[in-house]
Structures are given as structure tokens and as C-alpha cells.
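S.K.: I'd like to ask some things about the structure below.
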Amino acid sequence: HGMVSHYEDIGFHAIGSGAPMAQQAGTLLSHFRMSERSLQHGVLALVRVLDALTVNSPSVGGPLEVCRVTSDGADHLDQDEIEEIRKDVRGWVEQEHRLLDDLYG
């Protein structure tokens, strides 16, 4: 019913059963400084965070829907476009693994 929390300060939100996952996604996104990055970076981070939620939140899963909203309107990405973004996500994760391996290696 939306009366339990104040959603306006979260920025990435849902009301109802999706609210906890939206709050978790907002937390995961917060350290990527998305307000300082391009829309393309934002979509990349969003797909990474939503994919991460499918791993650690059993109620999240199934096909992912992504919609970019700009001053020109809404653009719904198709599954092929999302898979292209996932290729970049995999590259991002591989670079993180290498960085962590080298940090104390």
C-alpha cells in the first residue's frame, strides 16, 4: 500500500512485494555514482544489479525488462539488446576479478 516507507528519497523503488528488492537494488547502485555517468553506463549498471538480484533473491527471476526513459520518451529494450548489455556486464565482472586478484596477489 506504500504507507510503510518513504519511497521518494530512494530513487529506485517499487511498492508492494517488490519494495525490498528495489531497496536492495538502490543500495547496490549507490556506489557506482550513476549521476556522474552516461545513460549507457546507467543501463549497464542496472542490468548488472538486476542480474545480481536474481542470484540472491529467490523471488526475482524470469525474463528481464528494461526501459530507458529520456526526454525523447521511453525506449523498451528487446531481449537481444539486453543480451548485448550482458556481454559488457561480463567484461566488467572479469575486470573486477582481475583487479581483486592483483590487489593482494
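What follows draws every value from the coordinates through simple rules; no lab data is involved. These numbers were taken from a predicted model, which means no experiment stands behind them. We place every Cβ from the backbone using ideal geometry, glycine too, and count neighbours over all the protein chains shown.
S.K.: Taking the condition of being within 15 Å of PHE32 (Cβ to Cβ) and aromatic (Phe, Trp, Tyr), how many residues in segment 47-105 meet it?
M.R.: 1
S.K.: Kindly provide the set of residues from segment 85-105 that are over 15 Å from the mean Cα position of the chain (by Cα), within 16 Å of HIS41 (Cβ to Cβ) and of a type in the set (D, E, K, R), ordered by number.
M.R.: Result: GLU96, single match.
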